[in-house]
There are 2 protein chains.
Amino acid sequence: MGRDAHGDPSGPPEGERVVVAVDVMGGDHAPAEVLAGARRAVEAGAGVELLLVGRPEALAGAEDLPSLAAAEVIEMGDDPGASVRRKKDSSLVRAAEAVRDGRAAAMFSAGNTGAAMASALLRMGRIRGVSRPAVATPLPVPGTTPTVLLDAGANAECAAAWLVQFAQMGSAYARTRYGLAQPRVGLLSIGEEASKGTPLVKEAHLLLQELPGIDFVGNVEGRDLLSDDLDVVVTDGFTGNVALKSLEGALRCLREALRPLVSAEVWPAIAPVLEGLDPEVYGGAMLLGVEGVCVIGHGSSSATAVANGIAVAAELVRIDLVGALRAAVAPPLPM
Amino acid sequence: MGRDAHGDPSGPPEGERVVVAVDVMGGDHAPAEVLAGARRAVEAGAGVELLLVGRPEALAGAEDLPSLAAAEVIEMGDDPGASVRRKKDSSLVRAAEAVRDGRAAAMFSAGNTGAAMASALLRMGRIRGVSRPAVATPLPVPGTTPTVLLDAGANAECAAAWLVQFAQMGSAYARTRYGLAQPRVGLLSIGEEASKGTPLVKEAHLLLQELPGIDFVGNVEGRDLLSDDLDVVVTDGFTGNVALKSLEGALRCLREALRPLVSAEVWPAIAPVLEGLDPEVYGGAMLLGVEGVCVIGHGSSSATAVANGIAVAAELVRIDLVGALRAAVAPPLPM
């Protein structure tokens, strides 16, 4: 199956500690909220061990925790590719190297998303056979398992063959993380008819129809994202990112509009529904297709979001998501 | 300003009746809900006069209202272009012809969206200078004027120059309908930076920066759609449709999740917020760029949605939206 020697995070036994490299410098509220969230992840008892990565002065007060010094910081506005090439001693690059070198089993960052992806891709390497890694975001659906949306932003432009791999990786994710035997995969479009959409969608539709091992249910629409009829939705990274952020915006807008209308007694009844759909709670996005676990939080991540993101990273290591992805995109053996 | 002789709906004085041609055959609940909604629109006292268009048998019980017989029906699954060409005696084509011929000032349909657009485009004609008509959908934002999203689905693929016209038409819409002196226009992308997005977005960004008469605020994201920082958002019809339906899906999902959690006493306090964001209430989408008012409701439109859509159609006639659009895209006079 072509497993690389480096940084192989294949499933430690239940209960064993998982080391997560945490980019202490990343995010709007770094380092304070990141450190607070990291501690919370450990205290939650999920078997997480930390490897804090960042500037020594940012790690003040966290001397009791294992750390890795990195002198540079990739800022939120930095160009992803250029900054990863130039800032070789940045916390993001060092965190990805820690996974590559086996010092950590996963990395978490709430920093520059593009640079986090570039660091993971360049330092951990690509899973053999993967054309383009994709960002997967589980969209929480009340009352059922989340819908895995990918690509949620890694590739603004896509080839149809990449969408096919996104379907394979998304299925592997839904199978491995949510225990679904045969995840239902939809292709995001502007109508259920195969004749609708862009040339990319039409071409991908034909390829997905022919794809063995995938339960392709056809084209779906934006309104299906949070439905119980789907487990995985594939699309290009531009459309996926817009859809994801539209959902987040709608949720935030509704929460703000509803809050003043509801009494303090009633709010606790409805808040969990609104919070369950909040990216702060569900733990951020994962880069699928690289040789290691890389979880990326919102730039605005609070300590709660950081703790949840780290817990998700550890979970993905435990279930050996990377192994499942390797198997999902491996070319079939010659008969 | 090059007004055509045919079907000019330029602003009847306040209080004068506006004739709206209503496609009685269009929509999942046609003709019953359409007829009920049409009656409701008249009874609401908004100065609407009906011209019902459809099969005589579908008009049974509505003999007291003016009507126009059409023997054919364009079904929801029919190919838009082909059906409009073939079914010349369909309710959609006849409704568009009624506007062209001045028998009605606007048309409303909850039927096949693509066929409604094709009928309007082919029968009413394009406003001079418009490259491609676009669907505009006002997204309700609690506490402020709606954000006008276009293109919400007419053109799955777009050229950058079309997005520039969408900005002009969307601005004209927000100015004319919501009284905004200088609507703020955003370009939908996956980050605020001009360097992010697809080649289409990057090219459109440069063109919009140079465009006189438009308050271009730069690139915006999905989460900004329902914010108070924007009045118009332009994008291609694929992305716009996915964003719109993602919002609708999020809203529906939240409503269904919240309903059982809230007592019958509390629900009336929060229902208006949820309903205010409902396309049933805000009246559907408008095709901008054709020589007449064309409002398109959801296929699932109830009588309420039909009544609201007809009222919006009449409002767009009264404010002379078509005249404002003609002026907005008219080429500047040679100096």
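Of all positions in segment B:228-248, at least one carries a residue that is surrounded by fewer than 22 Cβ atoms within 10 Å (Cβ to Cβ), outside the structural domain of B:ALA330 (by TED's automatic domain parsing), touching a strand residue (DSSP E or B) at 6+ places or on another chain (Cβ under 8 Å) and not aliphatic (A, V, I, L, M). Number of residues in segment B:146-165 that are away from chain A (no Cβ under 14 Å) and under 12 Å from B:LEU226 (Cβ atoms): the value is 0.
Once segment B:274-328 is narrowed to residues that are assigned to a loop (DSSP other than H, G, I, E, B) and modelled with pLDDT under 90, the residue that is nearest to the chain's Cα centre (by Cα) is B:GLY284. Do you know which residues across segment B:210-227 are part of a helix (DSSP H, G or I) and crowded, with 19+ Cβ neighbours inside 10 Å? Residues satisfying the conditions are B:GLY222, B:ASP224.
What's the number of the only condition in (1) surrounded by 16 or more Cβ atoms within 10 Å (Cβ to Cβ); (2) touching a helix residue (DSSP H, G or I) at 6+ places or on another chain (Cβ under 8 Å) that B:VAL281 fails to meet? Result: B:VAL281 passes all but (1).
Please determine, by comparing only the residues of segment A:184-199 that are crowded, with 22+ Cβ neighbours inside 10 Å and under 24 Å from the mean Cα position of the chain (by Cα), which one is farthest from B:ASN155 (Cα to Cα). Among those that are crowded, with 22+ Cβ neighbours inside 10 Å and under 24 Å from the mean Cα position of the chain (by Cα), it is A:VAL185. Of all residues assigned to segment B:99-111, none qualifies as being surrounded by fewer than 17 Cβ atoms within 10 Å (Cβ to Cβ) and not in a loop (DSSP other than H, G, I, E, B).
If you go through segment A:231-262 and keep only what is more than 7 Å from chain B (Cβ to nearest Cβ), of a type in the set (Asp, Glu) and assigned to a helix (DSSP H, G or I), you end up with just A:GLU256.
Filter segment A:37-74 for residues that are charged (D, E, K, R) and assigned to a strand (DSSP E or B) and give the result.
A:GLU49, A:GLU72
Which one of A:ALA120, A:ALA136 is within 28 Å of A:ALA204 (Cα to Cα) and either modelled with pLDDT under 95 or part of a helix (DSSP H, G or I) (or both)? Unique residue meeting the criteria: A:ALA120.
Here's a check for you: in segment A:139-153, which residue that is crowded, with 24+ Cβ neighbours inside 10 Å and in contact with a Gly (Cβ under 6 Å, 6 or more places away or on another chain) is modelled with the lowest pLDDT? Looking at residues that are crowded, with 24+ Cβ neighbours inside 10 Å and in contact with a Gly (Cβ under 6 Å, 6 or more places away or on another chain), I get A:GLY153.
Restricted to segment A:176-209, and to residues there that are of a type in the set (S, T, N, Q) and in a helix (DSSP H, G or I), the residue that is nearest to the other protein chains (Cβ to nearest Cβ) is A:GLN209. Mind telling me which of the residues B:GLY15, B:GLY61, B:GLY7 ends up being at pLDDT below 95, assigned by TED's automatic domain parsing to the domain that holds B:SER302 and in contact with a helix residue (DSSP H, G or I) (Cβ under 6 Å, 6 or more places away or on another chain)? Being at pLDDT below 95, assigned by TED's automatic domain parsing to the domain that holds B:SER302 and in contact with a helix residue (DSSP H, G or I) (Cβ under 6 Å, 6 or more places away or on another chain) holds for just one of B:GLY15, B:GLY61, B:GLY7, which is B:GLY7.
The residue of segment A:121-151 that is nearest to A:VAL306 (Cα to Cα), among those that are in contact with an Asp or Glu (Cβ under 9 Å, 6 or more places away or on another chain) and small (Gly, Ala, Ser), is A:ALA136. Might you check whether a residue that is at the interface with chain B (Cβ under 9 Å from one of its Cβ atoms) and either of a type outside the set (Asp, Glu) or touching a residue at least 60 places away in the same chain (Cβ under 8 Å) (or both) occurs anywhere in segment A:285-304? No. Restricted to segment B:267-277, and to residues that are in contact with a Leu (Cβ under 9 Å, 6 or more places away or on another chain) and without any contact (Cβ under 8 Å) to a residue 60 or more places away in the chain, which residue is farthest from the other protein chains (Cβ to nearest Cβ)? Per the criteria, the residue is B:TRP267. Filter segment B:84-98 down to residues that are buried (at least 24 other Cβ atoms within 10 Å of the Cβ) and farther than 12 Å from B:CYS294 by Cβ and give me whichever is farthest from the chain's Cα centre (by Cα). So, considering only residues that are buried (at least 24 other Cβ atoms within 10 Å of the Cβ) and farther than 12 Å from B:CYS294 by Cβ, the one farthest from the chain's Cα centre (by Cα) is B:SER90.
The values are calculated or read from the model by the stated rules, or taken from the named source; none is laboratory data. What you are looking at is a predicted structure, and each value in this text was computed from that prediction instead of being measured. When we count neighbours, we look across all protein chains shown, and the Cβ atoms used for this are built from the backbone with ideal geometry, even at glycine.
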